[in-house]
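No lab work stands behind these numbers, since they all come straight from the coordinates. Here the structure is a predicted model, which means the values were calculated and not measured. Glycine gets a Cβ as well: all are built from the backbone with ideal geometry, and neighbour counts include every protein chain shown.
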Amino acid sequence: MRKERGRRPKKKVCAFCVDKVDYVDFKEATRLRRFITERGKILPRRISGNCAKHQRQLTVAIKRSRNMALLPFTIE
């Protein structure tokens with residue numbers, strides 16, 4: 001029996017690196033909304049495709065944005 005070789009999925013690229021963003025701003029709620037689920041959770045790196053640097057900045061920006069009431073904590 002020959003072993004099946006699975007096709008490796010295409011590597012996702014960081015949306016912030018593509019746009020050459022050096023700082024993720026918490027006031028850009030429309031951009032940040034792409035990185036939270038419909039339940040209000042922050043998407044992990046392996047799903048969003050962000051690099052480690054921008055994922056850390058994104059997490060802080062989403063949390064700040066929630067505290068400033070620009071993004072919801074939960075969506076019911």
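See the values below:
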{"quantity": "Checking Asn50 against (1) assigned to a loop (DSSP other than H, G, I, E, B); (2) surrounded by fewer than 16 Cβ atoms within 10 Å (Cβ to Cβ), the condition it does not meet", "calculated": "(2)"}
{"quantity": "Failed condition for Ser65, given (1) of a type in the set (S, T, N, Q); (2) assigned to a helix (DSSP H, G or I); (3) under 11 Å from the mean Cα position of the chain (by Cα)", "calculated": "(3)"}
{"quantity": "Qualifying residues in the stretch 7-47 (those that are of a type in the set (Val, Ile, Thr) and assigned to a loop (DSSP other than H, G, I, E, B)) - the one farthest from Met68 (Cα to Cα)", "calculated": "Val13"}
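Each row is one residue, and each column tells you yes or no for (1) among the charged types (D, E, K, R); (2) exposed (fewer than 11 other Cβ atoms within 10 Å of the Cβ); (3) touching a Leu at 6+ places or on another chain (Cβ under 8 Å).
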residue	(1), (2), (3)
Gly6	no, yes, no
Val13	no, no, no
Val21	no, no, no
Ile42	no, no, yes
His54	no, no, no
Gln57	no, no, no
Ile62	no, no, yes
Thr74	no, yes, no
